[in-house]
Each structure stands twice: as C-alpha cells, then as structure tokens.
Amino acid sequence: MSEQVGKPKNVKGSVLVVGGGIGGIQTSLDLVQAGFHVTLVEKTSSIGGTMAQLDKTFPTNDCSMCILSPKLVSCGRELNIDIITNAEVEHISGRPGNFKADIKVAPRYVDQSLCTGCGTCVEYCPIYVESKFNEGLVERKAVYIEFPQAIPLVATIDRDNCIGCQMCENVCLAKAIKYSDERETRSIDVGAVILCPGFEEFDASAKKEYGYGRYDNVLTSIQYERILNASGPYGGHVLRPSDGMIPKKIAWIQCVGSRDPHIDKPYCSGVCCMYATKEAIMTQEHVTDVEETIFIMDMRAVGKGFEQYYNRAQNEWGIRYVRSRPGEVMEDPKTKNLLIRYEAEDGSEITEEFDMVILSVGLQTDKSQRKLADDLGLTLTEDGFAQTDYTNPLATSREGIYVAGAFSGPKDIPETVAGAIGAAAKAGIDCAPARNTSLKEREYPPEKDITNEEPRIGCFICHCGINIANTVDVPSVVEYTKTLPNVVFATNNLYTCSQDTQEAMAKVIKENNLNRIMVASCTPRTHLPLFQETLREAGLNPALVEMANIREHCSWIHQKDPMNATDKAKDLVRMAVAKSRMLTPLSSTKIPVVQSALVLGGGAAGMNAALDIARNGYKVTLIEKTDQLGGNLQNAKYTNEIGDMQAYLKSLIFNVERDKNITILKSTVLDSLTGSVGNFRPVVKDKDGKTTEYNVGSIIVATGATQHTPTEYNYGKDDRVMTQLEFENRIIEGDCKIDDVKSIVMIQCVGSRDDNNPYCSRVCCSTAMANANLIKDENPDVEVYVLYRDIRTYGFREHYYNNAREKGVTFVRWDPENKPEILEKDGKLFVKVHEPILKGNLEIPADRIILSAGIEANKDNEEIAQILKVPTNDEGFFLEAHPKLRPVDFATDGVFFCGMAYHPRMLDETIAQASAAAAKALTVISKKELSSETSIATVNEDICDGCRICIPMCPYNAITLKVEEGGDEQRGMASVDPALCKGCGACAGACPSGAMEQLGFTTEQIVSQIDAALEEVAL
Amino acid sequence: MADTKRRVFNPKIVTYVCNWCSSASGDLVGPIRTPYKGIPRIMRVLCTGRIQADDILATLEMGADGVLIAGCEFLECNYRTGNMIAKKRVRFAKNLLSMAGFSPERIDISLGFLQLIRNPVDEFRKKILKLGPLGQAPTEGLTPEQVRLNLATARKVTQDPQVGWLVGKEPMLTEKTNTYGDTLSEKEFDEMIASTITEKYKIHTVLSKIEKVPMTIPQIAVEADLPSNKVFTIIQDLQRDGFVTEEGKSGRYYQYIQA
C-alpha cells in the first residue's frame, strides 16, 4: 500500500499538457495511467505534431505514422484526456498543485460532436490553400482534415481562406457545419503544467546562397520526408519538382540553420545528421540507381545504434559523405540541375552537379513558442529555447511548469519521449495528494448473461454519408443481410458512429433482445472501441460486436465499380456475421498490484528514479552493489555545465538518504526474480550471501556503465598518458600551471567507434571541451591539441566547442586508417598524426596525452538480463522494447531501465530518463489492480499434452508448464499467465494439438469466417 | 488561282435577346423595315440572366464567330437583377475565352432599355469582321483543331461543379453577405474566380493532352505550353484524386495517362 502524505485540500488531480506532438501525447497517456486527468491543448486542428509528417524513423526505419497512430487513437478515445484543438494557453496563474489556466480556443466552424470525419465537405470545397502538413508541396482545401489519421477526426474550416460560400454546409449530411462558431476562452484548474510545444523548422530561405524558394529542385529535409511518404504529395515516388524526373544524383547539405553564428544559430540541431542519413537510405527503396552525397561538417551519430547506422549507410548503401560546408548552390536555368560549389578537405574548390538538393534544416523555436514563454513568464536561453537546469532538465524556470521535447533544446524522438514520460513523474509529485481524485469513469449497467442463448444478431450497415452509399448499394446489402442465418435485425444508418445512432442502437439492442452485433462501416482500428462502448451501455459484453470494413476495404477502393463493390460488401458482411455468430463474452482478469518499486543501482540514474517514485508517495527499495551511493559520478569533478559535481552528488545522496519512502540496501545485488507485473518477488543477496525476498509491483534497472580502460597509446605504461577523468583531478591540482607542461594533446574515440566498441560514446567530445576550456582558463599559454574524428558536441554543447576554438585550442582530424601514434624522442613524448589539409604528418610535442576513453556496458549486465529475462544488445547494453516510443521499457511489463544501462549519456539526459523510468513504474504501482488483456490465449486442458512447443513461442514469457505438486513433469500442461499474455496468438498458431486457443480469434471463429468468405452465393 | 477570288467573311453571330427589351426592340425593327447588316441569328430568352457562361462557349463551339447578349438597362431588368447576372457571366466567359487563346471581344453584352437592337448588333458585327473567323484573328492564330480543343477545354471549366458553385454564388457573396456576415469586394471575388479558373483551365489543358497517349511531364509541358513544374504539380494532384495514372516509364520519367 502506498503511504501518501496528508492531502492538502486545494491540490488538483489534473494536469495541463500544452502541445499535441509525440511528447504531449506520451506524457498525457502516462499521466492518466498514473491517476491524473489531462487537458491536452494543441494549437493546430489535430494532434500528431512533427512525427506525423515524417516518413520513416532512424535507426530502425520504422514507419513513423504506423507507430504513432495507435498512440493518437489511444489519446483520442481516452475518457480522461480532454483534447482541445485550435487552442493556445494564454495565461497561467496560481502555484504548483493549484494553477488556473486560461485557454483561448479558436472556432473550428464545425460541430465536433456531429462531424464524423467523412471528408465529403473537403472534396467539394472550391477553395485551395497551401497545405502546411505537406510543407506546401500540395494544396488542401479551406475546409480540411490535415491527414487521414488525424485525431480528432473532424473537419476544420480555415476561416482566413474560407469565402463563406456554404458549399460544405450544402453537402454535409451530418449537419455539422457551424458558421456561427465563436472564439471562446476556457478556464481550467490544474495541479501542474507540462509544455511540449515542439519546434519550428529553420526557414531555409534565410540562407539565400542555397536558393531555397528560388530553385524548384532545392527542398528542405521535411519536404523531402513528405515526398518519401507513400501518402505524401507524390504518392511515394521520389521525383523532382521542376519536371517530375526521377533524380539520379541527390545531395544533402547539412547544418542549414545550425552551427551558424552568422545567422544567430550557433547551436547544433542534433538530429539532422541522422535524419539525412535515413532519408538517403530510404531513397534507395524508391530509386535503385540513385547516387547520394551528404555534405557534413562533422557526422554526429551519437545515439544508440546511430554509429552503426552511419557505417552501414556508407558500406552497404554506398552513401558518400563529403566533409565540407558548401558555399553556394546555383541552378542551370535550362536543365534545372543544381551546381554545388564547395571546398574539399584539401582546400581545393569543386563544383559538382546534382539533380536535386535537400537542405537539412535545423530546429528552432519560433513566434508561437516564444509567445508561450512570454505569456507564462518563462526564461528562455540565448538560443531561444526554454531554460532548464542541468540537473533538473524537465523543469522550466517557473515552479510547477515542466517541459519536454524540443522546446528545451533540439531532441530526437526517443529523447523527447523519455523527457515526456519523465515530466509525468515530475507533475505527479506536485499533484500526488490528489491522485485518482479527478479521473472520470463510465458507469455501465450489469452485463446480461447470454450463455445458452441462440445468437440473435443485429446488423447495422453504414452509409457514411455518401462515402459508402455512393458506391455500395447499401439498401440491397441490408436486404441481403436479413437473409443470413441468425440475423434478426438489420438496418442502414447515415452515420453509424454518430451520437444519435449510438443511442438508437442501444435501444434496438434492448427492444429486439439482440445478443450479437455486426457493424458494417469503416475500420475497427478506430471505431471498434466506440461500438464496444455502446454494447456495454446496452448491457452486453463488449466482445460481442464484430465489424466489416466496407469503406476503406470496399467503397473507397472500388469507386468505379459499384456493382462489384456491392457484391464485395455483401461478402464482407457475410464473413462478419459468420464470426459474430461465434462470438463469446470475454472478460479481463484483475491482477492485484503491490504498490512499491525496486531500483537496481545507486548511481545518478537509480537515485533520481528512486526519488521521483518516493516523492510521488510510493515506497522504493534501492539496491547498490558497492558500499557507496553515487556510481560513476563519484569520479567526476565537473562538466561544461556544472562547476562542482561532488556538491551535486552530495545533495542527491542526502535527499535519497533522508527520504522516508526509500530503503537503501548497499553491497547488495539481485539474486533471482519470480512473479510478474504488479507482483514481482525479487530475491536480493547481501555481501555475506544472505538472501531476502521482497515484493514489489515494478522494477527499474539503473545499473550504469563503465569507463573503457585504454589498451593503447602507452596507457598505464607512462604516467604522462591518462584518461580525461584522471586528468580532471590533475587540472584542479594545478597540473597545467607547472613549467614543464607546455603542450597537451587529447586523443578522441579511444575505445569508441572501433571494432570492439562500434558505437559512439556520446559524452567524450563534450568532456574534452570542458577540459580543454579549463586548461586554457588556467593557463592560456599551454598549447592544447584535440585529435578527433568528428567533433560531436551536439545540441547546445556546440557552444563549448566554439569557446574552445576561440580560446585557441587546435583541432586536427584523423581517419581510422591513419590513427595517431605516440613517439618518444629524448624522453619527450610526441603524437604523430596525419593532417588532411596539409596531406602530411604532424609531430606534436605532448607533455600530457589525454585519452578520451569511451564507455562500455557493465560486465554483469548479462547476468542481470538473465535474472530479469530481458534482452541486451550486441554491445551489452540493455535493449528497449521500442527504440523510438518505448525508450525506457522492456518488452516485459513492469520492468524499466534508465541511465547508462541504456547507452552512454550525459547527466542531464540520464536524469530525464530516470524520471521517465520512475513515471513508467508509477503507471503500474499507482494502481491497486491491473486488468489483463481480453483476447488472451487459453489452454484447453482436456487436449493439451504438455509438448511445450508453445513456451518458447511466447515473446512475453507468459506460458509456463504447470505440473501438479510432486507430479510427473512429463504430464505437465501449458498454462498462460493472463497478466503477461498480450494476445498475439503466436502460441495458438504453433500448438500442434489445438489445445491453445486465442480468445476472440479461435480456430472455430477464423474457420467460420473463411468459410463464409469462400462460400459461392448467388447475390 | 484561289487568291484572285477572295472569299468574303460573313461572320456568324448569335445574339441572345431579352424578351422585354431587345426582343421587343427587334420586333419593332421588322415593321419599320430597317435592314440589318449581315445575317444576325437572334435567340430569344425571357431574361439574359438565364444564359450561362457555358451556353456562350457552347455557341462558339458550335460555329459562331461571336456572341452578343442584349438585355435591359441597369436597374431596369424585368426580373430585378437578371441583366447584372448576365454581365458577370459575360465577364467570366471573356476571361476564360482569352485564357483559351481567343480574343475576348468575341463576346459582348449590351444593356439598354428598348434600344434599337440594330445598333449594337451592327457594331458588334464590325468588331467580329475585323477579327475574322474564330481562331483566325491576328492575336489568335489557332488552327481549327486548336479551336476545337481549346473551346472544349474551356467548357470543361464552365462545367466544373466547383466553378459553377462559385459563379452561382457571386451575387450573394459580393452584393449581400456571406455566411459569416462579411461581404467580399468585387475585386476580391474577381481575383479568386480568376485564379480558380486559371488553375482549372490549366488542369483541363493537361488532362486533354493525355487522353489517349501516355506522356512524360516534359512532353506534356511542351504540348500544353505550360512550365514543367506546373504540369508536375497538376499531374500529382490529378493522380492523387484518381484522374490520372502512371503508364510505364520513359528514361527517368514516368508517363501519365487519363485514368
């Protein structure tokens, strides 16, 4: 049981989320799971943000919309998320726990409660307007739905362009057009605020030398995302705009609006190197003979799996990377080809011709984000992003207002998502006393028992305005449906999903004593939950409805063949009716939850995660394998951002130790684990080998990583050679002020980006900058050389790189085929390095050689992974359930991870991720009980012969062999843990005896549908 | 040989006349035996407001060299506003006609109560005489095939339901108020309708080129005398809406044809 502190009366159990991109969506979903009501305010007409515009995501090449749209749908149908679109927050007053927010809502001119999103108005509207969603490459109408998966799926009238001709009103059969709609201001009370307003793309036309806006074939990277997309402007063909040619030679120019102090954008946008690489790779799926060149300054592949992706881009996909920032792009007026003028690394000037040029535009904040900061009284950095504290990266300058995503600095999707999840934990602290007080729940009448009842199927065939009815002869489908066995009622509706039809449906169910429902309309992916809801309101189990998709799968694709479309609709209906005949009620199992958590690892990640959980009011047990809290931070003295790391660590440990909700167990390791989400039973072992069993609802792995011990460059053999960490102490002790230290050489990528550790360790470039800057501050006369492969000071860390250059630090780049070498002459050390500009070797005197040693996964990760039954990647780091949208989750429910156990990261990133893992744990342990999935697997024990084929098939380890106490293992039987089963059906597909069945998709149900599908009928 | 006997151009002119003014005036001409020059074809309608832009273009398509509409004077329409509507229609038709490469002077409207129909008819005839047969004015220079194609394309625009809706809505939007209570200025409306029909004309021009033979964007651009980037966006829009499909490739270009 949780022990929550006394509830102050005025704390609100709801949170305001500003911005409906992936960050806002994710934080909203997690807040609800943690017991808070959410108001999600979005300034455009639908949620989805930038991610909805992207084609694929790096480094897995997942389809962006495919992974986003389930989240859109969940958000849209969540009772406890109020989505307010076309809206902006104007003012927030009050204090943490109790804010009042004024939200200005622009009129939509469409009644959201009546509009079904059928799109007929859009088709008829005569006014064309540039589409922001498609980045101006195509036009939309003055009444529009931004994209087909939009949530809310409701049309919006763009008042600036609408001429008020009433065409839409004329064609809308749902009577949803509402020209009298007015602007309104809503005031809401919330306990905390989370800002996820995202970013704007840099306006490429400001870089005049690249010709954007003047030359047809110069596009921005986000426009190119749309072009790559199958639902984009060119239907997924890569074509160039001047004449529709399939381009042969494409160039990307990086850092357009990034790393450019001349245009006031000195910072690095962090994501462009990877997205350009992804775009180049994806292009090859469209154009097989394309030749691609990416003009880079430095390749900044700092994330998990990024370096490997970059290597594959070069080796497998043959993408050419050229180290140069082009000076100019010119157009051949005749061919519309583009000439890029650039300086090669050896200083020679080259002009090269391309068919198409993509400008990799940076991330910036714009008017809307700045206005938000202004309205809410937030401090912005000099770069125009929300100011945060390095050790409190999710908090803005105003207490109780949190930030996630690119508003506080350029971020990729996983960093945005981790921050967004983490912000939910932070908001939860402020609102903890009012947890579960503002959640709405629907009341349903008791469920009618239909066992032994003959199926009485009610069928509802939808016109969808004219979307279905214009092609499919709906009345004839209704007549046909009436002839099918067990159908006792069939009718047609203008819109089956409209509120009034839903009410009528509930009435019809009762009047006709229906016990199965078949709806023939659109896709069950968006609409099934709605009809399930109606069934529950009519006292039926929600599993008793089946849908036939006669819109997307029929009327929309057979528009030109109404006869056959009608026949096909009948086929689809017959199949759905066949299945509905076989439907049985399904219910989920309630799993009681132990409302406490276990955190493995007492470093920065583990302590921060433990604190967030504890401050949300739940018990945490924190176990640390050594006898000291602090982890890697114990060896760190400072960073670019923090002057005194030990002071931070001290206060962190102090806070953890004095928190009554945290139990600290030092010199303790995890020994074994049983149980599952909500009810784990970890056994821990102390240094004496004594074991103790705990009982927790969730587990967080925060076991950190280790610094690589260099085996090269005379490390360990010469005390003038040391690592950056070791050197930090020496600088503080005044090492670079002594006379015989005149020249210091730093070598980057020691134990990173090589055969043993193919990934980039992310932190070393920034660490080198911190040390180089400090040396120069201490003694400007010391020569500092940084020998690097790419300088990877991503994001605002670019400022430290700029500082170092201004202070006179010399940077020399080397390639892996020309590694630096250490020479010793007359007792003095020299570093020999190949200089690409001079095309010759330099011998740099080195009184100190500082190695930027990389970060390696802990050796005991494998052991922990085995105990927890979670995966690790090739490099030994733990592997997340999904690299983009589930960055702190394991595939195993209830187990999360954060910090360097995930991959090398900066401290601020670790802290944000720790909050994310805490928030995820809170979504489990803030509940008294969890509900299992309904469509789970179940074993027919009369048939199961215990062959065990199903056990390894299960990706969730949900199946065990059940053996009677003291019984013979050979006579065991498969047993499914409903708490773990996700209902994929892999076991049912593998079962040789037919004992394993997936509820809702039983063999009988599937066969009956196939039977109906193949039935020869005279229609 | 043929040069010696120059063929005399006797323009075919259709005059739509209003029942209440010009038609009545025409009836007067008979009894007083005033001859017209040439052979005017008179079409009686109850009100000039009945005539659609498409009727005007159809008249040209069927062989007229010019179309004149004769209606009542300003504020004197027997049905209150029909003459003003006709005026807007004529402006619209002229706009489209010049887009299609013809002289807009081939269409005109003359409003005057009980005017002597003969005068405007004669004056209009003079203009058409000067222009020559349809498509053959110095500014036109179109082959008979081009005349046919261009008029057909222009009529696609007049028959477009969205264009029809906008044209039909003009009086309401510019003289009264739109649904939000605002009034559009005539200039705003003209700009909007002009950009709409320009766009539609281009779209139908592109479509007409790929009715039977698939073509690449550069080929269509030459045929339609439009910039290739414009043709490209039009083709993409048409393809998305299912009016055009790809049919094979030619080098690095897809070929497109009407679906």
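Do we have any residue at all in segment B:159-177 that's closer than 30 Å to B:P11 by Cα, in contact with a strand residue (DSSP E or B) (Cβ under 9 Å, 6 or more places away or on another chain), more than 9 Å from chain A (Cβ to nearest Cβ) and in contact (Cβ under 8 Å) with a residue 60 or more places away in the chain? No - not one qualifying residue is present in segment B:159-177.
Only one entry in A:A937, A:A912 is more than 30 Å from A:D412 (Cβ to Cβ), buried (at least 19 other Cβ atoms within 10 Å of the Cβ) and either in contact with an Asp or Glu (Cβ under 9 Å, 6 or more places away or on another chain) or among the β-branched types (V, I, T) (or both), namely A:A937.
Per-residue answers, yes or no, for (1) in contact with a helix residue (DSSP H, G or I) (Cβ under 6 Å, 6 or more places away or on another chain); (2) loosely packed, with under 14 Cβ neighbours inside 10 Å; (3) acidic (D, E):
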{"residue": "A:D332", "(1), (2), (3)": "no, yes, yes"}
{"residue": "A:I350", "(1), (2), (3)": "no, yes, no"}
{"residue": "A:D366", "(1), (2), (3)": "no, no, yes"}
{"residue": "A:S397", "(1), (2), (3)": "no, no, no"}
{"residue": "A:Y402", "(1), (2), (3)": "yes, no, no"}
{"residue": "A:A406", "(1), (2), (3)": "no, no, no"}
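Output yes when any residue across segment A:89-108 is closer than 30 Å to B:Q159 by Cα and within 14 Å of chain B (Cβ to nearest Cβ), and no when none is. No; the residues of segment A:89-108 include none that is closer than 30 Å to B:Q159 by Cα and within 14 Å of chain B (Cβ to nearest Cβ). Only a single item in (1) more than 43 Å from the chain's Cα centre (by Cα); (2) among the hydroxyl-bearing types (S, T, Y); (3) part of a strand (DSSP E or B) is not met by A:T491, and it is number (1).
Scanning segment A:149-164 for residues being within 12 Å of another protein chain (Cβ to nearest Cβ), at negative phi and not polar (S, T, N, Q) gives a total of 5. If you filter segment A:226-241 down to residues that are buried (at least 23 other Cβ atoms within 10 Å of the Cβ) and in contact with a helix residue (DSSP H, G or I) (Cβ under 7 Å, 6 or more places away or on another chain), you find that the one that is nearest to B:I220 (Cα to Cα) is A:P241.
Taking each residue of segment A:595-623 that is closer than 21 Å to A:V669 by Cβ and looking for partners that are of a type in the set (D, E) and crowded, with 24+ Cβ neighbours inside 10 Å with beta-carbon atoms closer than 6 Å, six or more apart or interchain, yields A:G602/A:E624.
Looking across A:I936, A:I943, A:I949, one residue alone is farther than 22 Å from A:F878 by Cα, in contact with a Cys (Cβ under 8 Å, 6 or more places away or on another chain) and free of Cβ contacts under 8 Å to residues at least 60 places away in the same chain. It is A:I949. On the stretch given as segment B:185-198, residues that are within 15 Å of the chain's Cα centre (by Cα) and within 13 Å of chain A (Cβ to nearest Cβ) total 4.
Quick check on my filter: what residues within segment A:127-148 are facing another protein chain (nearest Cβ under 8 Å), outside any loop (DSSP other than H, G, I, E, B) and over 12 Å from A:G232 (Cα atoms)? Residue satisfying the conditions is A:Y128 alone. Looking only at residues in segment A:240-260 that are within 15 Å of A:Y212 (Cα to Cα) and facing another protein chain (nearest Cβ under 8 Å), the one that is farthest from the chain's Cα centre (by Cα) is A:S242.
Restricting A:I509, A:I550, A:I557 to residues that are touching a residue at least 60 places away in the same chain (Cβ under 8 Å) and β-branched (V, I, T) narrows the list to A:I550. Among the residues of segment B:205-229, the ones that are crowded, with 16+ Cβ neighbours inside 10 Å, assigned to a helix (DSSP H, G or I) and either in contact (Cβ under 8 Å) with a residue 12 or more places away in the chain or more than 9 Å from chain A (Cβ to nearest Cβ) (or both) come to 11 in all.
Checked against the criterion of being touching a residue at least 60 places away in the same chain (Cβ under 8 Å), among the polar types (S, T, N, Q) and in a helix (DSSP H, G or I), the candidates B:N95, B:N119 yield just one match: B:N95.
Looking at segment A:544-559 only, could you name the residues that are farther than 23 Å from A:S69 by Cβ and either acidic (D, E) or surrounded by fewer than 18 Cβ atoms within 10 Å (Cβ to Cβ) (or both)? Listed by number, the list holds a single entry, A:Q559. Condition check: loosely packed, with under 15 Cβ neighbours inside 10 Å, farther than 19 Å from B:G101 by Cβ and either free of Cβ contacts under 8 Å to residues at least 12 places away in the same chain or within 11 Å of chain A (Cβ to nearest Cβ) (or both). Does B:G242 satisfy that? Here the answer is yes, as B:G242 does meet what is asked.
Could you tell me which of the residues A:C121, A:C165 is crowded, with 19+ Cβ neighbours inside 10 Å and in a loop (DSSP other than H, G, I, E, B)?
The match here is A:C165.
Exactly one residue among A:N608, A:N616 is surrounded by 15 or more Cβ atoms within 10 Å (Cβ to Cβ) and more than 29 Å from A:E933 (Cα to Cα), and that residue is A:N608.
Candidates are the residues of segment A:677-696 that are assigned to a strand (DSSP E or B) and of a type in the set (V, I, T); the one that is nearest to the chain's Cα centre (by Cα) is A:V696.
Bear in mind these aren't lab numbers, they're just calculated from the coordinates by the rules spelled out. In this text, all values refer to a predicted model and were calculated from it rather than measured experimentally. Cβ atoms come from the backbone with ideal geometry, glycine included; neighbour counts cover every protein chain shown.
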